[in-house]
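Shown next, in structure tokens, is the structure this report addresses.
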């Protein structure tokens, strides 16, 4: 097997997940929170592919592709909500967005 072992991939995935978690906890902008969630989803994909490579199966890679599809749908919905809020000149602070007004 060429390249680094699964331990290195899992270490990088853990660092990426920690960076994403820090972004979600500390930032109040919905756009930054969406980007942080994407970093967290990509770190989980990296871990899934590392385990898939380690065990020699395709299960982790197939699951990673399905996670990518869910992440794409999450970005579409999230960015649509951000655009709708900014068009109505609503404040884009997660703490103040406690309920949706119609």
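Taking only the Cα atoms of the chain, the radius of gyration and Dmax are 17.0, 57 Å.
Give the calculated FRET efficiency between residue 87 and residue 32 to the nearest 0.05, with a Förster radius of 25 Å applied to their Cβ-Cβ distance. Please list the in-between numbers first.
Numbers: r = 20 Å, r/R0 = 0.78.
Calculated value: 0.80.
Starting from the Cα-Cα distance between residue 76 and residue 53, subtract it from 0.36 nm times their residue separation and give me the gain in nm to one decimal. Present the calculation step by step, with values, prior to reporting the outcome.
Working: separation 23, 0.36 × 23 = 8.28 nm, distance 3.04 nm.
So the chain would gain 5.2 nm between residue 76 and residue 53.
Counting only DSSP H runs of at least 4 residues, each contributing -39500 (n - 2.57), and dividing by the residue count of the chain, the helix-based mean residue ellipticity at 222 nm comes to -26500 deg cm²/dmol.
Counting beta carbons within 10 Å around each of 12, 49 and listing the fewest first gives the order 12, 49.
Got a sec? How would 89, 54 order by Cβ neighbour count within 10 Å, fewest to most? If you can, show how the numbers build up before the last one.
Values: 89 7, 54 15.
The fewest-first ordering by Cβ neighbours comes to 89, 54.
Fewest neighbouring Cβ atoms within 10 Å first, the residues 81, 40, 58, 90 line up as 58, 90, 81, 40.
Since every read-out is calculated from the coordinates, none of them should be taken as a lab result. These figures come from a predicted structure and were not determined experimentally. For neighbour counting, all protein chains shown are included, and Cβ atoms are generated from backbone atoms with ideal geometry for every residue, glycine included.
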